[in-house]
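Worksheet: the structure to be examined is printed underneath.
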Amino acid sequence: MDTLQTSRRGFLKSGTGAALSIGFALPLAGLSGRLDAATPFSPNAFLRIGSDGLVTVICGSAEMGQGVLTAIPMLVAEELDADWKTVRVEQAPVDKAYNNPMFQMQATGGSTTVRAFWEPMRQAGAAAREMLVAAAAAQWKVPAGECRTEAGQVIHKSGKKLGYGALTAAAAKLPVPAKPVLKDPKDFRILGKPTRRLDTPGKLNGTARYGIDAQVPGMLVAVMARAPQPGAKPAKVDDSKAKAVKGVRQVVTIPSGVAVLADGYWAAKKGRDALAIDWDLGAAKDLSSAKVSAMLAEGAGEPDAVAVDLGNTKDAAATGAKSVDATYEAPYLAHACMEPMNCTAWVRGDTVEVWVGTQSQGPNQGILSQVASVTPAKVKVNTLMLGGGFGRRFAPDFTIDATLLSKISGKPVKLIYSREDDMAAGFFRPASVTKFEAVLDGQGRPTMLKAGVGSPSIMAASGFMKIPENGVDAFAMEGIADHPYDIANQRLAYGRKEPGPQVWFWRSVGHSQNIFFIESFIDELAAAAKQDPYEYRRALLTKQPRYKGVLELAAQKVGWGSPLPAGVFRGIAVAQSFGSYVAEVAEVSIGADGTPKVHRVVAAVDCGMTVNPQTIERQIEGAIVYGLSAALYGRISFKDGRVEQGNFNDYPVLRMTEMPKVEVHIVPSTEKPGGIGEPGTPPIAPAVANAIYAATAKRLRSLPFDTAQLKKA
């Protein structure tokens with residue numbers, strides 16, 4: 001058995017840190033002709049126009065279902081005045097030209113793609129359009145101001161027309177405008193219109209290539225028994241039965257586990273199942289969910305890192321008419337991507353090539369160069385489709401392992417984590433406990449709010465961020481520290497506790513649990529004040545017009561206050577995350593066995609100026625599926641140091657028969673775009689929980705919902 005001892009967290013820290021040194025994207029004017037010297041017209045890194053008139057947009061972000069392979073081309077095509085039927089899209093290579101301006105590295109996450117590239121991609125299209133117009137005007141010997149563009153053509157006021165394809169050779173000889181003029185949004189022809197996705201045909205006809213589809217001649221397939229805790233080591237490995245499986249070529253121990261390399265997946269899987277490993281779990285050997293809860297509750301009870309300190313909470317508490325307190329809890333969660341985690345890597349001499357669905361191409365280039373001891377320029381990352389990301393594919397563990405295995409074996413290796421092995425040693429959404437205290441005045445209005453959040457730190461775990469001097473992990477507090485409600489006296493604080501499991505970014509990150517906490521607690525305050533929960537929120541949001549706008553629109557569209565079928569009740573919640581505002585109203589009934597059924601969800605969305613309304617609707621629908629799955633079923637629990645779940649049989653997701661009717665209403669806006677991949681997830685759990693309270697008078701303060709409590713109710 002081959003062994004290579006390397007620190008996994010060391011790779012994460014050093015590799016990602018190296019990636020951060022890449023820096024900002026180059027100015028557009030400096031990117032001329034970078035991609036294909038034979039192309040007639042390639043004014044910048046994001047755009048290529050052929051002599052046949054076809055427009056190819058180069059997208060540096062990863063496509064994981066969120067629609068960037070359509071949104072990015074729409075931004076370019078709008079300013080280019082392209083004929084949408086001629087627009088194609090290609091995945092970009094790793095190059096700092098494609099760095100996400102908000103991340104300063106080539107990576108996809110945080111619902112940032114449209115927000116970050118809103119202007120750069122429009123500038124790319126506008127620059128090309130100005131060059132095409134100049135080329136046509138020169139050919140016609142007329143002022144450029146007498147020309148306009150429309151649907152892939154330059155048109156002179158006399159009626160003369162030239163297609164973009166006929167102008168590419170001349171346009172390519174012109175200087176790239178440094179400051180192209182962007183359209184007034186009132187003149188948009190493509191942006192804001194429902195547009196079919198460019199990646200859909202390939203996904204329907206099977207030609208779309210996901211990471212797991214990668215094929216390299218002569219490759220081996222690897223399946224790993226992964227270390228069940230960070231720092232766990234195999235105390236004893238018996239691989240004799242694994243090596244006896246037909247097709248198994250090698251068994252290798254690396255820092256993250258023991259890998260079986262074989263001619264194909266099933267041989268590797270059989271070999272992995274035949275391994276006998278005694279793990280030394282170290283300090284994690286006694287880890288249990290009960291211990292996690294106790295530790296986090298301690299952090300929530302004594303939070304020492306203050307995020308918000310307003311007014312005088314002590315005096316407000318002493319003078320209030322009524323006090324309300326409650327403790328909320330959320331568990332660790334797995335990402336459970338539909339496509340198992342995988343990466344194909346080939347280390348050849350001083351070069352590395354990987355084929356992978358990843359959210360972090362840029363960081364991976366830096367990390368893998370260190371894994372293989374080559375320069376970053378010698379690492380080629382081929383970005384393929386992601387069968388679900390949700391933050392999981394931002395982590396580089398699977399690319400590191402694949403590269404190590406290729407380096408050790410000397411062959412190309414496709415590594416596939418079985419879902420069981422990935423879930424057993426996953427990167428989890430942090431568990432969290434929050435303790436609230438509030439005081440109401442004689443009219444039921446809150447005059448004081450205290451919150452203590454006990455949670456591990458994603459910032460510390462990431463390897464590329466530092467907790468600020470005030471000790472507040474921004475991800476642990478987001479959604480609570482920036483809640484919108486008008487309360488004069490507040491102390492909102494963080495108590496860091498680290499039970500041990502690896503924590504990571506999960507769709508909507510801290511908002512995913514904190515909005516459940518705060519929106520449920522606000523509902524508690526409304527109940528204590530004996531006021532309607534919708535009107536109660538409205539009264540506290542008078543200084544927050546965008547929050548109030550989506551709240552009122554959702555209430556209007558659902559018919560808040562109107563009669564419902566017998567046994568059906570409504571709950572409401574509102575949140576802002578990633579620059580967008582979402583309110584959701586859930587209509588819920590409770591079965592005789594205590595099972596809640598969500599019949600209908602009405603969502604109102606203010607995400608600023610819209611790119612593709614169709615994508616917005618789909619993302620809100622998908623976010624509701626994801627958030628509702630977590631609310632009803634999601635839980636990673638621990639016993640004797642190990643995860644108790646393994647696959648969708650014991651970590652369920654919403655079934656098709658459980659899917660509620662979803663209605664999405666978009667607020668017209670001239671604000672700059674917000675994100676849309678994640679903001680739909682946070683409000684669904686509290687909206688359903690608040691509906692359950694309306695139905696049963698039972699306040700559920702932990703996730704997933706405990707149906708046993710509802711049966712009793």
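The values are calculated or read from the model by the stated rules, or taken from the named source; none is laboratory data. Bear in mind the structure is a predicted one, so any value in this text is a computation, not a measurement. Ideal geometry is used to build each Cβ from the backbone, glycine not excepted, and the neighbour counts take in all protein chains shown. Only protein heavy atoms, including side chains, enter the accessible area calculation; ligands, DNA and RNA are left aside. Shrake-Rupley method; radii C 1.70, N 1.55, O 1.52, S 1.80 Å.
Only one of the numbered conditions (1) under 18 Å from Leu700 (Cβ atoms); (2) surrounded by 16 or more Cβ atoms within 10 Å (Cβ to Cβ); (3) not basic (Lys, Arg) is violated by Phe638, and that is (1). Regarding Gly53, is this residue over 22 Å from Leu386 (Cα atoms) and open to solvent by 10 Å² or more (accessible area, probe 1.4 Å)? For Gly53, the condition - over 22 Å from Leu386 (Cα atoms) and open to solvent by 10 Å² or more (accessible area, probe 1.4 Å) - is met.
Annotation: of all residues in the stretch 526-582 being among the hydroxyl-bearing types (Ser, Thr, Tyr) and in a loop (DSSP other than H, G, I, E, B), the one that is least open to solvent (accessible area, probe 1.4 Å) is Ser562.
Screening the stretch 405-446 for residues that are acidic (Asp, Glu) and touching a Lys or Arg at 6+ places or on another chain (Cβ under 6 Å) and picking the one that is surrounded by the most Cβ atoms within 10 Å (Cβ to Cβ) gives Asp421. Taking the stretch 473-489 as the range and being open to solvent by 30 Å² or more (accessible area, probe 1.4 Å), within 21 Å of Gly109 (Cα to Cα) and more than 18 Å from the chain's Cα centre (by Cα) as the test, only Asp482 passes.
Within the stretch 233-250, the residues that satisfy the criterion of being under 17 Å from Trp279 (Cα atoms) and touching a residue at least 60 places away in the same chain (Cβ under 8 Å) are Val237, Asp239.
Scanning the stretch 658-678 turns up at least one residue that is open to solvent by 50 Å² or more (accessible area, probe 1.4 Å) and under 29 Å from Glu420 (Cβ atoms).
Within the stretch 226-245, the only residue that satisfies the criterion of being of a type in the set (Gly, Ala, Ser) and in contact with a Pro (Cβ under 8 Å, 6 or more places away or on another chain) is Ala227. Whether any residue in the stretch 459-472 is at pLDDT 95 or above, out of contact with any Pro (no Cβ under 6 Å at 6 or more places or on another chain) and open to solvent by less than 10 Å² (accessible area, probe 1.4 Å) is what I want to check. No, there is no match, as no residue in the stretch 459-472 is at pLDDT 95 or above, out of contact with any Pro (no Cβ under 6 Å at 6 or more places or on another chain) and open to solvent by less than 10 Å² (accessible area, probe 1.4 Å). The residue that is surrounded by the fewest Cβ atoms within 10 Å (Cβ to Cβ), counting only those in the stretch 343-368 that are out of contact with any strand residue (DSSP E or B) (no Cβ under 7 Å at 6 or more places or on another chain) and closer than 23 Å to Phe103 by Cα, is Gly366.
When Pro673 is tested against the conditions (1) at pLDDT 95 or above; (2) farther than 26 Å from Met64 by Cβ, the lone failure is (2).
Please tell me if Lys322 is out of contact with any Phe, Trp or Tyr (no Cβ under 7 Å at 6 or more places or on another chain) and under 27 Å from Asp397 (Cα atoms).
no
Could you say which residue among Thr253, Thr195 is of a type in the set (S, T, N, Q), in contact with a strand residue (DSSP E or B) (Cβ under 6 Å, 6 or more places away or on another chain) and touching a residue at least 24 places away in the same chain (Cβ under 8 Å)? Being of a type in the set (S, T, N, Q), in contact with a strand residue (DSSP E or B) (Cβ under 6 Å, 6 or more places away or on another chain) and touching a residue at least 24 places away in the same chain (Cβ under 8 Å) holds for just one of Thr253, Thr195, which is Thr253. For beta carbons closer than 9 Å, sequence separation of 6+ or different chains, a first residue in the stretch 262-273 that is touching a residue at least 40 places away in the same chain (Cβ under 8 Å) and a second that is open to solvent by 80 Å² or more (accessible area, probe 1.4 Å) and part of a helix (DSSP H, G or I), the qualifying pairs are Ala262/Lys270; Gly271/Lys241; Gly271/Lys243. What do you reckon, is Pro331 surrounded by fewer than 24 Cβ atoms within 10 Å (Cβ to Cβ) and closer than 30 Å to Ala300 by Cβ? Here the answer is yes, as Pro331 does meet what is asked. Checked against (1) farther than 21 Å from Tyr210 by Cα; (2) open to solvent by less than 10 Å² (accessible area, probe 1.4 Å); (3) not hydroxyl-bearing (Ser, Thr, Tyr), Ala377 meets all criteria but (2).
Is it fair to say Asp350 is under 30 Å from Leu296 (Cα atoms) and either in contact with a Ser or Thr (Cβ under 7 Å, 6 or more places away or on another chain) or of a type outside the set (A, V, I, L, M, F, W, C) (or both)? No: the conditions fail for Asp350.
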